[in-house]
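Read the structure below first, then the notes.
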Amino acid sequence: MSAVLKLVQAPQFTEQVDVDPAGYSRDGHSLQSALSYSHLWQAPVVRYVVDKFSAKGDLVLDVSCASGATGIESALLGRHFQGCADDAAFVKLARARLSPADIAEVVLRLQFINMKRPVDVREFKNPFPLYYDVDTFCELMNLRAAISGAKNHVDSFIELIVASILHGHTVAHLSGYSSPHGATGPTEQANLNRKRGEVPSYRAVPARIIKKAAALLRDGVPVQLQRNELERSVFEAPIHDMSPVRTSSVNLALVCPKQPGSGYSEGLQSWLRSWWLGVEPVKTVRDLNSQSAWGDYANESLLETARVVRKGGRAVVRVGRGRLGTKPVHYREELSEVLKTCLSQYWSVEGTIVERYAKSAGMIKGGAKSAGDIAAELVVLRRK
């Protein structure tokens, strides 16, 4: 008698998690309020995903970790963490966030820095007068000279604090009225100053650093970030060549590929932040404005992710809606096509987690989005 074997495909799950665009820092540890606008993942979503798809002691990899917010949540849950970023500024900031100093260390370090040392004002030339008062600029230069190279965690953490208040639209920031996200260009900033009839006023650097440090450390320094029991490493590398990560070492990978027109990866770079940190800003941006170009990029990214994720491990890919060239696209559909045609031997789709705007979110961005709308979809992949 011959046996007949029937292959049954496991049903895919669908779950939902609520998010609030205004809750990046409110819903997580106070350290999340540094550069909160650069987070590609909200803290509650990271906690949900990491808790559901990994165990304590597992290794979580964020393949585009920006300023390290996912590392904080992973460490708090007892996971090892590795982060990847293709921007040297974000690498420095993420490392600093994952090894924070306490408020006493920050205050003591500032006391040993002479902010009033004479500075060659010839350095205060365009475009800096568009953003800073000359005395604020001199204090910044003195601080930059004192902590340049950031050879310890205190100096690195001060660099992070300054980066978070370097430009913005409130008096807590060091610049005149500007964007807190990506630094405006000189022409745009000049027009903004002219429209508002303002010139940058003096902003005391040490006082604002201490105030921001107190806010970041409101919840204290987590014990998981004080010890070396958990790995917390961040490296600079493109998403398609994460050579510092060992093959088959990762239990859970968080993936948020660049998605033109979606806003996920837009406005994160800041030339002023790169200047402050002494790194070169990202100069080359890959053109992804066609279906074939984005498909190749997603294929390369998930192929490299397949290399580092162990068999049975998972990757959670965050996708939304945007535009490829002039065409509106649903990146969930584009991802499905790439998985089916190029990556079926490596990944199987387990399910989808839908991010929806919480009822408390109200109207978002002038009514463009409202409570109940889909913010993004998290596609859960299992490594074959």
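The values are calculated or read from the model by the stated rules, or taken from the named source; none is laboratory data. Everything numeric here is computed off the predicted structure, so don't read it as measured data. Ideal geometry is used to build each Cβ from the backbone, glycine not excepted, and the neighbour counts take in all protein chains shown.
Laid out as a table, the results:
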| quantity | calculated |
| --- | --- |
| Residue in the range 114-132 that is touching a His at 6+ places or on another chain (Cβ under 7 Å) and surrounded by fewer than 24 Cβ atoms within 10 Å (Cβ to Cβ) present | yes |
| Only one of VAL45, VAL49, VAL60 that is more than 8 Å from the chain's Cα centre (by Cα) and closer than 22 Å to ALA237 by Cα | VAL60 |
| Among the candidates ASN228, ASN289, residue that is in contact with a Gly (Cβ under 7 Å, 6 or more places away or on another chain), surrounded by fewer than 17 Cβ atoms within 10 Å (Cβ to Cβ) and at negative phi | ASN289 |
| Residue satisfying all of: in the range 125-147; in a helix (DSSP H, G or I) and of a type in the set (Asp, Glu); farthest from the chain's Cα centre (by Cα) among these | ASP135 |
| Top-ranked residue of the range 231-253 - restricted to ones that are among the β-branched types (Val, Ile, Thr) and in a loop (DSSP other than H, G, I, E, B), ranked as nearest to VAL317 (Cα to Cα) | ILE239 |
| Qualifying positions in the range 155-197 - more than 25 Å from VAL106 (Cα to Cα) and of a type in the set (S, T, N, Q) | SER178, SER179, THR184, THR187, GLN189, ASN191, ASN193 |
| The range 301-322, residues that are of a type in the set (A, V, I, L, M, F, W, C), closer than 13 Å to SER249 by Cβ and part of a strand (DSSP E or B) | VAL309 |
| Tally, over the range 269-286, of residues that are assigned to a helix (DSSP H, G or I) and either of a type in the set (A, V, I, L, M, F, W, C) or surrounded by fewer than 14 Cβ atoms within 10 Å (Cβ to Cβ) (or both) | 5 |
| ARG117 over 22 Å from HIS39 (Cα atoms) and part of a helix (DSSP H, G or I) | no |
| Pairs where the first residue, in the range 132-147, is more than 13 Å from GLU159 (Cβ to Cβ) and the second is of a type in the set (A, V, I, L, M) and part of a helix (DSSP H, G or I), C-beta under 9 Å, 6+ apart | TYR132/LEU140; VAL134/VAL121; THR136/VAL205; PHE137/VAL121; CYS138/VAL121; GLU139/VAL205; ASN142/VAL205 |
| The range 57-100, residues that are farther than 30 Å from ALA298 by Cβ, buried (at least 24 other Cβ atoms within 10 Å of the Cβ) and small (Gly, Ala, Ser) | ALA96 |
| Verdict on LEU59 being touching a residue at least 40 places away in the same chain (Cβ under 8 Å) and more than 30 Å from ALA375 (Cα to Cα) | no |
| Members of the range 326-353 that are surrounded by 15 or more Cβ atoms within 10 Å (Cβ to Cβ) and of a type outside the set (A, V, I, L, M, F, W, C) | TYR331, ARG332, GLU334, TYR346, SER348, GLU350, GLY351, THR352 |
| Test: ALA213 is surrounded by 14 or more Cβ atoms within 10 Å (Cβ to Cβ), outside any helix (DSSP H, G or I), of a type in the set (Gly, Ala, Ser) and touching a residue at least 24 places away in the same chain (Cβ under 8 Å) | no |
| Any hit, the range 197-208, residues being modelled with pLDDT of 95 or more, under 21 Å from the mean Cα position of the chain (by Cα), closer than 22 Å to MET115 by Cα and in a loop (DSSP other than H, G, I, E, B) | no |
| Residue within the range 100-113 that is part of a helix (DSSP H, G or I) and touching a Gly at 6+ places or on another chain (Cβ under 9 Å) present | no |
| Complete set of residues in the range 181-190 that are exposed (fewer than 13 other Cβ atoms within 10 Å of the Cβ) and assigned to a helix (DSSP H, G or I) | THR187 |
